[in-house]
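Structure record follows, encoded as structure tokens.
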Amino acid sequence: YFAYDAGAPTTTGCGCAKLAEHVSLAPELPLKYIMPALLYCGYNNLVYANLAVFDPGTYNVLLQLRLVLTGLLYQALFARRLNRNQWLALVAITLGCVVKEADKFSAGGGKGPLRASLGAWMLLLVQMLCSVLAGLYNELLLKDRAGVPTHLQNAYMYAASVLCNLLVLLFEGRLGEAVARDNLSALCTPTLLAVVAIMSSVGVVTGFFLRHLDSVLKAVASALEVVFSMLLSSLLFAVPLTPQAAGAALLVGGGVALYARPLSQPAEATTAQGYAYSPVARDDEELSEEGPPNVPPPPPARRPTQPGGTKSRSDLLRLIQDAADSASSRRE
């Protein structure tokens, strides 16, 4: 934030003065970020609870359903409809992710989903809801406060997340264990610090993604991880590219391409006055009561005439009356 937003020279100052100015634009915003932070905290802690019931392969397969859940909740909360192509794309991407993990799916015994209780399924649903609602809430805050820089809002999000996790550790009585010297020294290894830096950069980029795009498109873009992870694993670690993996990559890639493809408009209809218009509104607009958008007004109706170009009865009467008035004026 200080490098890209507060440090820029302006007439109102920079650094701490600029920070105070941005904070004053929405002083209640840090408190609002506690809600998505709690949701993300709940999601992260439910990972361990659900992995104790489901095996990792089954867990990953079932978790892919949150893509469709994201589309449903996005429509409900933002009152925006996804078109047919976008829904087909979400289904194709979900199937691709499921196909990728299908060989790890356990149908019975041990931690299979058929042996899980109703409470375990409800916990898995709560975990998916926490993830989806946190992303949608974060998007709403980023777009609602356009005057507050994205970097500052990301800082609010991370600060609230750290606070929530500290409170959870304190509630569980494990805060002292978490900040013990041995555990902190284990965190300071170069490999782990590199992982932390990469994941932090992903979080920062996510803030800009949600601000300028939306949560559904973010979920669709995240699905490309299936394609890139398989390609990089094959190149770097010589992991064989199986037909199942290739099919999953084709489903995901085709779904992403379909999501970006606009719907074809139907053939234009023609009005009685000869003006053409399309009876279907675009995705971002609805037809108004006045009629189709961008349709020019019809020309004024012309007075009907008799066949063969002759005058109608009212026209003849008007001509006779005009002739009579003209004759009387000449006599005077």
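The values are calculated or read from the model by the stated rules, or taken from the named source; none is laboratory data. Bear in mind the structure is a predicted one, so any value in this text is a computation, not a measurement. Please note: Cβ atoms are built from the backbone with ideal geometry, for glycine as well, and neighbour counts cover all protein chains shown. Heavy atoms of the whole protein, side chains included, go into the accessibility calculation; ligands, DNA and RNA do not. Shrake-Rupley method; radii C 1.70, N 1.55, O 1.52, S 1.80 Å.
Taking the condition among the β-branched types (V, I, T), surrounded by 11 or more Cβ atoms within 10 Å (Cβ to Cβ) and outside any loop (DSSP other than H, G, I, E, B), does V148 pass?
no
Give me a count of the residues in region 192-242 that are outside any helix (DSSP H, G or I), open to solvent by 60 Å² or more (accessible area, probe 1.4 Å) and either modelled with pLDDT of 85 or more or touching a Cys at 6+ places or on another chain (Cβ under 7 Å) (or both).
1
What helices (runs of 4 or more DSSP H) lie completely within region 4-64 and have 3 or more residues being open to solvent by less than 60 Å² (accessible area, probe 1.4 Å), under 30 Å from L251 (Cβ atoms) and at pLDDT 80 or above?
34-51
Cβ-Cβ under 9 Å, sequence separation 6+ or interchain: first residue in region 238-252 and free of Cβ contacts under 8 Å to residues at least 24 places away in the same chain, partner of a type in the set (S, T, Y). Which pairs?
V239/S233; P240/S234; L241/S233; L241/S234
Among the listed residues S233, S222, which satisfies the condition of being within 26 Å of R81 (Cα to Cα) and of a type in the set (S, T, Y)?
The unique qualifying residue is S222.
Please verify whether region 143-162 includes one or more residues that are closer than 30 Å to E21 by Cα and more than 23 Å from the chain's Cα centre (by Cα).
Yes, region 143-162 contains at least one residue that is closer than 30 Å to E21 by Cα and more than 23 Å from the chain's Cα centre (by Cα).
From the list A107, A120, A76, exactly one residue is over 25 Å from F228 (Cβ atoms), at pLDDT below 90 and outside any helix (DSSP H, G or I). Which is it?
Within the list A107, A120, A76, the selection yields A107.
Looking at region 160-172, which of the residues that are closer than 26 Å to L73 by Cβ and aliphatic (A, V, I, L, M) is surrounded by the most Cβ atoms within 10 Å (Cβ to Cβ)?
Ranking the candidates gives A160 first.
Mind checking which residues of region 173-182 are surrounded by fewer than 11 Cβ atoms within 10 Å (Cβ to Cβ) and either part of a helix (DSSP H, G or I) or among the polar types (S, T, N, Q) (or both)?
G176, R181, D182
For every residue, the table says whether it meets (1) among the hydrophobic types (A, V, I, L, M, F, W, C); (2) under 16 Å from L258 (Cα atoms).
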| position | (1), (2) |
| --- | --- |
| L38 | yes, no |
| Y48 | no, no |
| T58 | no, no |
| L67 | yes, yes |
| Y74 | no, no |
| R84 | no, yes |
| I93 | yes, yes |
| G96 | no, yes |
